[in-house]
Structure formats: structure tokens, C-alpha cells
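FYI, it's all coordinate maths here, none of it is from the lab. It should be emphasised that the depicted structure is a prediction, and the values quoted were computed from it without experimental measurement. Note that we place each Cβ from the backbone using ideal geometry, even for glycine, and neighbour counts take in every protein chain shown.
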Amino acid sequence: MQKRNDFQPVLLGSDINVYGMARSFYEAYGVRSVAIGKGILGPCTASKIVRVEIVEPRLEDDWVFVETLRDYAEEWEGSGKKLLLVPCGDNYIKMLVRNQHRLRDLYCFECIDEELLMRLSIKESFYEVCTQYGFSFPKTASCSFEEHENIQLPFDFPVIIKPSNSVAYWNCSFPHKKKVFVAQTKEEFDAIVKAIYSSSYKDHLILQEYIPGDDSNMRVMNCYCGRDKKVKLIALGNALLEEHSPEGIGSYAAIINGYDPQLNQRMTEFLEGIGYVGFANFDMKLDPRDGAYKLFEMNLRQGRSSFYVTAAGGNLAKWLVEDVIDRKELGCTVVKDRVLWTIIPPKIIFQYVRSESAKAEAQALLKAGKVCHSYYYRGDRSLKRWVNYQKNQFHYFEKYKRYFNNKALRD
């Protein structure tokens, strides 16, 4: 650990991603983070390494966002510390990009411009960029509110249904809502689309062919691009299990680090080709039919499971600080060490993972002590956190029993 007291991390949000970043800062520099968000979620409750200093339910309003951050920065005036601003959610990165010119005089950060944000954050335009750079993705169509009753699908069932505008979808509500749906038949498809459009969500839906294979075919890649628009950090993760609760579908629950030099090269060419800056998180699936990675989406931030990178030696805070605060000239580092990262009890991994080879590797890493749980950290222990952690782990048994492989319009 290299002790530092010349900067202060200001994290936006309070979820497990925020906690993972706070842990990265603490492990690298002994620095305790502060957080600003719409609420206080479990991972940041009763923590000694991150303190949620401002709770503002209206934080997604541009004016409130700017005024809240400017007012908070004034409290640090005269401290001699640089404020390092780190958005940890989709909404927060979009707010920062839109309002970056109003905050650069008070905070240290780097981000893309609004034009690139729009190209990458709307799935239809993102797939156009993928085509330009030769990335495969599932056969894809879109559906609008106006045409949803007469949509003709260009591929067979099963069909994945997900929102094009994730922010608008997050704010809507309807019975049996899930982050992602899978329709097995035309009847299921019609019922799901009707349910979605009966809510306040009226934007496009993305319709995709289902790529065969279970959760262990999923891959996640986290990258960091410096202020010079060059890739500085690459870390591939091989998923073991995803979460299966309605709100958690598509989020990773257990990962073992992977390594694919050809994929690393292609991703580097892609990110540097579009002039990207900051953290990027990619979700993809290895298609057993042709052996190609099919890219699902790109998150313009570190992923909520991104602590697997820090656990394997690629401390995310280190690259951010050396680039944004220290202004160092950095080369590209590829994380190769293999560690089992998890947010669920190991028993669930061995109960629900189908791949015997994946389970065998997970078992070997457990025996070798190469395992990391984002929520549980010996450097941040208290009775309240221990109780909350035990409750969190217990509920996962119930969630997997109830929701495993349920991506239909039912509970």
C-alpha cells in the first residue's frame, strides 16, 4: 500500500460497484472514499472505507446534480486535496458527460463527449459501431411502441427482449418486470411486449436471437483508457453464474479471470479507434455454434462485478489515479492472474453451475485461497456489516431456488 492524502475519491452511487471502487482506493492508497447518491444501499452501510455523505433523491436532475456537486466541493476548499470524481452507474456517467464543463474547475476526472456517449449508450447505434469495427453480435431487430402489435421477427424463438433505453426502463413499473426477458413462443413474446408497453416505457425494445449455452459461456471485459485515448488496462472474466432475480438478470455473480490475446487486440483497436476515455465494461457470450464472441452491450463505466480486476492484481483505483491525478504516461497492462471472484456463497456455485471444468477450476482456486468476495472485506469489519453480509448471503439461496432460469413473464 502506498499511503496518499493528496486526493479524495468522490464516488457517485452506493451499490456494490461503489463499494468495490472504495475498496480499491483503500487497498491501493489507504484512502477512505466519500459517496454521493440517491440513497444508501447495503454494500455501503456501516462501512469504514466509504461514507455516503449526501443523499439526494433528485440527483438525476441536471440542475440538482451540478448544484449538489458544486456545493459539496466548496466544503473541501482550502483542504489542499484534489477531488477525484468517479461515476459508478449509467445515469451518473451520462449526467457527468452532459455537465462536465460545469464541474471541471472543481473536480478531477476524464470522460468522453456527449456525441460519443449517444453513439454508444443507445443499443441500435452501438451495434452500428460494432459492425464498423468487425465485432459480432446476436442477430438483432428493434421494436417501437407504434409497431409492437404487428412486429415480424426475422429469426426463430427463443427471443431475448430488452430495453434500448435502460434509464427509462429502470424508472418504469409493471407486474413481473425483469431486467431482461426471454420469450420461448410467439404467445409469450406478445404478452411480454404488451406488459412492457403498458407501463410508462415507450422507447424502443431490442429483440435478439438467443445464443445457446448457459451462464458459463458469458464473458465480461473491463478496460481503462487514459486521457490520451489509449488503452491502459484490460481484464477478461469468464462467468460462472449470473444473478437470476428479476432485477439482477444479466449481472454476474461469480467470475474467474480469463485471457484471450486476440480479443484483447481487437478490443484495443475498437476503443482507440473511437477515441474512448475512462472505464469501459463489455458483456459478451461465446457462441458454441461458430466459436465467436457475440457482443451484447458496452457500459460506459466499470462493471458492478469489476472488483474481479482488482482481486487479480489490476487495482482499478491505481490506473485512475496515475492517469488523472499523477498524469503519468502509462503503457498497457493485461491482467492474467486467475482468481475466483464471487458475491454468492460457494455452495450456490457448485449447485447451479453446469460446466464440470468450471466447477473444478473454482474448487481448485478455493483450495488455493485465491478467492475474493466484494462485500466481505477483513479491513472493513463490524457487527452490523457482518449481520448484513450474512443476511445478504442467505437470501441468495432463496433467490436461486425461486428464480433460476426464470426469464418469463411470471414470478
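Quick look at the numbers
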| item | result |
| --- | --- |
| Global geometry of the stretch 7-109, whether rounded, prolate or oblate, following the gyration tensor of its Cα atoms and the 1.5 cut on a/c | oblate |
| Relative contact order of the stretch 215-403, defined on C-alpha pairs under 8 angstrom at six or more residues apart (%) | 24 percent |
| Under-5 Å amide H pairs with PHE7, H placed in peptide plane, nonlocal only | LYS82 |
| When each of LYS38/LYS407; LYS232/LYS328; LYS294/LYS370 is checked by Cα-Cα distance, pairs over 21 Å | LYS38/LYS407; LYS294/LYS370 |
| Pairwise FRET efficiency - ALA195 versus ALA73, Cβ, R0 = 56 Å, nearest 0.05 | 0.80 |
| Rough spin-label spacing in nm, given labels placed 7 Å along Cα→Cβ, for GLU398 and GLU149 | 4.1 nm |
| From the coordinates shown, log10 I(q)/I(0) by the Debye sum over Cα atoms at q = 0.07, 0.14 Å⁻¹ corresponds to which of (1) -0.32, -1.43; (2) -0.44, -1.27; (3) -0.33, -1.30 | (1) |
| The chain, helix-only ellipticity at 222 nm - DSSP H runs n ≥ 4, -39,500 (n - 2.57), divided by all residues, nearest 500 | -10000 deg cm²/dmol |
| The stretch 128-143 - phi-based ³J(HN,Hα) in whole Hz, Karplus 6.51/-1.76/1.60, Gly and Pro as x | 5, 5, 4, 4, 4, 9, x, 8, 7, 8, x, 3, 9, 9, 10, 9 |
| D_trans [Stokes-Einstein, Kirkwood Rh over alpha-carbon pairs] for the stretch 139-209, 25 °C, 0.890 mPa s, µm² s⁻¹ | 204 µm²/s |
| Coil-residue GluC sites (Glu not before Pro) of the stretch 175-256, DSSP, other Cβ within 10 Å capped at 15 | GLU247 |
| Residue-wise HN-Hα coupling along the stretch 198-211, computed from phi with Karplus coefficients 6.51, -1.76, 1.60 (Hz; x: Gly, Pro) | 7, 8, 6, 6, 10, 7, 5, 10, 9, 10, 9, 5, 7, 7 |
| Set of aspartates and glutamates near LYS202 by C-alpha distance (under 13 Å), chain-local residues within fewer than 8 positions excluded | GLU146, GLU147 |
| Cα gyration tensor, the stretch 279-351 - rounded (a/c under 1.5), prolate or oblate | oblate |
| Amide H partners (placed H, <5 Å) of ILE151, local residues excluded | none |
| Dimensions in Å of the stretch 253-411 - Rg and Dmax from alpha carbons | 18.0, 52 |
